[in-house]
1. Scan Trp257, Trp267 and give me the residue that is surrounded by 15 or more Cβ atoms within 10 Å (Cβ to Cβ) and closer than 21 Å to Asn194 by Cβ.
2. Quick check: is even one residue across region 33-42 of a type in the set (Ser, Thr, Tyr) and within 20 Å of the chain's Cα centre (by Cα)?
3. Using beta carbons and a limit of 6 Å, which pairs, at least six apart or on different chains, have the first residue in region 21-50 and at pLDDT 90 or above and the second one of a type in the set (D, E, K, R) and in a loop (DSSP other than H, G, I, E, B)?
4. Filtering region 131-141 down to residues that are at pLDDT below 95 and more than 17 Å from Glu173 (Cβ to Cβ), which residue is surrounded by the most Cβ atoms within 10 Å (Cβ to Cβ)?
5. Counting only residues that are outside any strand (DSSP E or B) and on the phi > 0 side of the Ramachandran plot, how many does region 158-184 have?
6. For region 52-64, give me the residue count where each residue is modelled with pLDDT of 90 or more and either in a loop (DSSP other than H, G, I, E, B) or of a type in the set (Ser, Thr, Tyr) (or both).
7. Which condition number in (1) within 30 Å of Thr174 (Cβ to Cβ); (2) touching an Asp or Glu at 6+ places or on another chain (Cβ under 7 Å); (3) assigned to a strand (DSSP E or B); (4) at pLDDT below 95 is the one that Val272 fails?
8. Where residues in region 220-235 are farther than 24 Å from Pro261 by Cβ and crowded, with 19+ Cβ neighbours inside 10 Å, which of them is modelled with the highest pLDDT?
Amino acid sequence: MNRILKSLGVAVLAATAVSFPAFADTCTEGNTGLSISPVTKVLNIEGGKSYDSDVFTVKNISSEEASFRVYAAPYSAADEDYNMSFSNETKYTQISRWISFQDKTGNYVNEATFTVPGCTEETISYKIDTPYSIPNGGQYAVIFAEGINNSNGGGIKAVSRVGLVIYGRATGETINTAEISNLAILKNADDSLNSKDGKKITNAVIHTGAIVKNTGNVDINARSTVTVKNIFGGELYKNTANTSVLPDSTRKITDVWEETPYFGLFWVSYSVNAANASEEITQLVLMLPLPILVVILVLIAVVIFWIIVMVKKRRERKSRYMV
């Protein structure tokens with residue numbers, strides 16, 4: 001009702017939590033899990049080199065002792081909704097094979113295990129050994145710190161997993177290109193839409209969408225801007241978002257004006273820029289809920305009927321006068 005007035009004037013046996021960024025690192029009674037710092041790392045790499053000066057910190061935010069293992073996994077997009085895959089290997093995820101970790105004996109291994117007391121942290125050294133021949137462009141991996149369930153009892157046991165994303169830039173020719181398609185401004189209700197707090201949006205709202213395909217060999221930034229104005233030019237809504245798109249992947253980007261009035265006429269502009277590509281559309285959008293549309297159609301029908309009756313009466317009167 002407020003919007004109308006405004007417009008008119010599982011229980012899971014084992015749970016794994018993946019965090020990008022990591023959990024809050026406050027250690028308090030009742031907390032469980034791990035945190036990791038930093039959560040991203042960008043570095044330039046060359047073939048036949050060893051990079052061994054990097055470290056990261058894993059903190060046990062529980063008050064109890066915890067064990068965890070660290071390992072590297074590929075980092076790629078599984079679909080255009082950008083659900084991430086940590087198992088699909090591509091030519092852009094080879095770096096996950098080149099990462100090793102220093103264990104307690106000082107040796108570098110593909111996977112290392114650590115045990116730390118509650119509310120303490122462990123600093124872990126890792127290195128990247130690149131082969132002599134590496135693909136040009138980006139290389140992407142995630143370093144996981146994953147809790148180990150040492151409980152011998154049954155029941156539900158949550159296992160914490162936090163990650164550090166590695167963005168590698170391999171020396172060579174950089175291809176920074178993209179394709180933008182399916183640029184659209186919509187106003188229908190869509191059960192697939194989510195609000196900023198994650199709730200499903202089922203009512204009719206103004207929302208935009210586009211598909212960005214990274215045709216280059218390094219990750220790119222897709223910048224989208226939505227602007228909504230009333231018919232007099234007054235700005236009602238504007239939002240700019242930056243979205244990362246990995247090489248050889250396609251990503252769907254969306255925006256939702258959650259406070260779309262039920263009734264109104266609006267100018268909507270939507271633009272997307274990614275690498276060398278740029279697209280923009282502007283549309284006049286009428287928001288008209290079904291009940292109001294029905295009332296309007298009934299009124300139009302009544303008016304048409306009244307006009308027909310009046311015309312018929314006038315013709316009858318005219319015919320009588322002629323007689």
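1. Values: Trp267 fails: closer than 21 Å to Asn194 by Cβ.
Within the list Trp257, Trp267, the selection yields Trp257.
2. Yes, region 33-42 has at least one match.
3. Qualifying pairs under 6 Å: Ser35/Asp25.
4. Restricting to residues being at pLDDT below 95 and more than 17 Å from Glu173 (Cβ to Cβ), the top hit is Pro131.
5. The first filter runs over region 158-184 and keeps only residues outside any strand (DSSP E or B), leaving 171-177.
Now restrict to residues that are on the phi > 0 side of the Ramachandran plot: 172.
Residues meeting the conditions: 1.
6. 2
7. Exception for Val272: condition (4).
8. So the first thing to find is which residues in region 220-235 are farther than 24 Å from Pro261 by Cβ, and the list is 220-223.
The next check asks that each one be crowded, with 19+ Cβ neighbours inside 10 Å; those that pass are 220, 222.
Numbers: Ile220: 94, Ala222: 97.
For region 220-235, the residue satisfying everything is Ala222.
The values are calculated or read from the model by the stated rules, or taken from the named source; none is laboratory data. Owing to the predicted nature of the structure, the values given are computational and were not obtained by experimental measurement. A quick note on method: Cβ atoms are made from the backbone with ideal geometry, for glycine too, and the neighbour counts reach across all protein chains shown.
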